[in-house]
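Heads up, the thing below is written out as C-alpha cells.
Bear in mind these aren't lab numbers, they're just calculated from the coordinates by the rules spelled out. Everything numeric in this text was worked out from a predicted model, so none of it was measured. Neighbour counts are summed over all protein chains in view; Cβ atoms, including those assigned to glycine, are modelled from backbone coordinates with ideal geometry.
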C-alpha cells in the first residue's frame, strides 16, 4: 500500500504545524497571510502531482473528482486570506488564530472530498463544522456574530445527530459503512427497499441538505451569513458548501444509485424549495450580505440538479458550478469589503461615478451570478441544467431556469443603484486597497475567461 495518494493532506498538515509554530513568534498580518497563501499553493501543486489511488481499505480515495474539489477549496482559502488582509473586524492579535482556523477547515474539506466511508465522512464534516462555528462567532465583541455562531452551533449539532442516525440505520441494514460496499449490497438486492433504508437515506439527505444550507433546512444560513465577519461569510459560502455538496453527490451516486425511488422525490422537493425560497426571499433584501446569503441558498438548489441527475455528468457539473461560483461569490464579497457601507444597498448608490472600475467589476460578477452570457455563471447553470435534462428531469430543469430568470431582478437592483441613481455624485472617489484590488481583478478575469473560453475549465 502506497501512501502517495494522501501526500497533499500530509503536506498541508505539515505546513499547518509549521505555520502554528511560526505564528507563536510572527504577529505581522502580511507575513501570516503570505505563509498561509504559500502553504495553500504548495498543497495545490501536490494535489495534481501526486498519483491517484486508495488507502485504508478504500476509506480514503484520491481520484480526478476529489482532486478537483480540493482545488476549489484552496481557491476559496487563498482568496479568503487575500481579502482578509486589511479587514479591520479581525483584530491583529487574533489574526493568527483566524487564519489557522481557516486552514484547518480547509484540511477537513480535503478529507471530506476523499472520504469513501460514512464514518470517515462524518468525522471530517464535524471537523470542518467545529472550525466554522468558531469562525462565525469570531468577533467576540459583536453581539450579531455571537448570536450567529450560537445559532449555527445549536442547529448544526441537530444536523450532526441526524446524519449519525442515518449512518446507523444504513449500517444496521448492510453491516458496513464503506460507501462502495453499500452500493454493491443495494445493487444486488432485487427486492423492495427495506423501510429502514428509507429512514437512513432520508436522514442522511436531510443532514447534508442542512449542512449545505438547502431549504427547508436553511434557517441558520441568513443569520449566520449576516452576523459572521464578512470575510468568514465569503469563505463559508464557497468552501464548506462545495465540500458538503460534493459529499452528497458522491454518497448518492455511489451508495444509493441502485434505488433512486428512495430519495429522488425528496431531492426534487428540496431542490425546488431551495431555489424558490432562496430567490423569492432575496427579492426583498436591502442588506447585501443577507441578499448574498439567500442567493447562496438558491445556487445550492441549482447544484442539487446535478446531484439529482445521478450520473458522472451530474457530479462533474456540480464541480464545474462550484469552481465558477468560487470566483463569482468571493469576488462579490471582495467588492462588498471595498465599499465603506458595502453591507447595505445604499452603499452602492452612484458607485459608477465614484469608482467606475469597481462598478464594472461588480456588474460582471452580478451578471455572472444571474447566469447571463457571456460570463462564467451561464456555463455553470447550463451544465447542471443539461445534466438534469439528460437524466430525464426536464421539467425540474425548466423550473430551475425560471427561478434563474427571477434571480436577475435582485442582482439588477444593485446594478441600477450603481449606474442610474446619482444622489451622491458630490462624494469623493472611493479608494480600494491593494489586496482587495488583486482579489477583484483575479475573480473578474476568471469569470470572463471561463465565460468566453469555457474549454479552459471544462
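If I fit a long axis through the Cα atoms of helix 143-174 and take the longest principal axis of the Cα atoms of the chain, what angle between them do I get, 0 to 90°, rounded to 10?
Rounded to the nearest ten degrees, it is 20.
Under the definition of Cα pairs under 8 Å and six or more residues apart, what whole-number percent is the relative contact order of the chain?
14
So what's the gap between the Cα centers of region 215-285 and region 323-385, to the nearest angstrom?
Taking the Cα centre of each part, region 215-285 and region 323-385 sit 21 Å apart.
Where does each of 336, 384 land when they are ranked from fewest to most other beta-carbon atoms within 10 angstrom?
Taking fewest neighbouring Cβ atoms as first place, the list is 336, 384.
Under the rule of -39500 (n - 2.57) per DSSP H run of 4 or more residues, summed and divided by the residues of the chain, what mean residue ellipticity at 222 nm is obtained, to the nearest 500 deg cm²/dmol?
That calculation yields -25000 deg cm²/dmol at 222 nm.
For 199, 34, what ranking results if the residue with the fewest other Cβ atoms within 10 Å of its Cβ goes first?
If I rank by nearby Cβ atoms, fewest first, I get 34, 199.
Sorting 97, 117, 178 on the 10 Å Cβ count, fewest up front, what's the list?
The most exposed by this proxy come first: 97, 178, 117.
Could you work out how far helix 195-211 tilts from the main Cα principal axis of the chain, as a 0 to 90 degree angle to the nearest 10?
Helix 195-211 sits at roughly 20 degrees to that axis.
Rounding to the nearest 10 and keeping the result within 0 to 90°, find how far the Cα-based axis of helix 434-452 lies from the longest principal axis of the chain.
60
In whole Å, how far is the Cα centre of region 169-193 from that of region 49-93?
Here the answer is 31 Å between Cα centres.
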